[in-house]
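Accompanying notes for the structure given below.
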């Protein structure tokens, strides 16, 4: 029983260290690159954030960006390096999804894993597919895009 307690305690210490490093990384994006990212945004270490036009990226509070997600804020092929990519509050950006430049994602949106977001997404919706389309409307999310359940 004691070994289990020690293992659980060590795990929580590692989680705390990881969360601190994630917060420092997000602060680095804000301070060094000038990205408009809320302080409580969680971005996976494996997520890729466009640094070509860092000031064109805006991510709202309590949003989670999962691993292998790509968020672009410039379009090299059309020479548009002034694009604005906006992600609202309490959103979840699924693993392996791609958010293209000049897209606005509203508040309380869930982007399914592997989705390619090519156009604006209204608030309170879930999207999926390539290209992403609305698959559910009028959803309610809490922090980090978790679906709100009525208890």
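Structure values in brief
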quantity	calculated
Of residues in region 102-122 being in contact (Cβ under 8 Å) with a residue 24 or more places away in the chain and surrounded by fewer than 18 Cβ atoms within 10 Å (Cβ to Cβ), the one farthest from residue 63 (Cα to Cα)	113
Some residue of region 66-77 being modelled with pLDDT under 95 and over 21 Å from residue 37 (Cβ atoms)	yes
Set 80, 30, 4: member being more than 24 Å from residue 114 (Cα to Cα), exposed (fewer than 10 other Cβ atoms within 10 Å of the Cβ) and out of contact with any helix residue (DSSP H, G or I) (no Cβ under 7 Å at 6 or more places or on another chain)	4
Set 34, 96: member being at positive phi, over 16 Å from the mean Cα position of the chain (by Cα) and free of Cβ contacts under 8 Å to residues at least 60 places away in the same chain	34
Selection from region 89-101 of residues that are crowded, with 19+ Cβ neighbours inside 10 Å and either under 15 Å from residue 65 (Cβ atoms) or out of contact with any strand residue (DSSP E or B) (no Cβ under 7 Å at 6 or more places or on another chain) (or both)	89, 90, 91, 92, 93, 94, 97, 98, 99
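The values are calculated or read from the model by the stated rules, or taken from the named source; none is laboratory data. Predicted model only: the values in this text are computed from it and were never measured. So basically every Cβ, Gly included, is an ideal-geometry build from the backbone, and we count neighbours across all protein chains shown.
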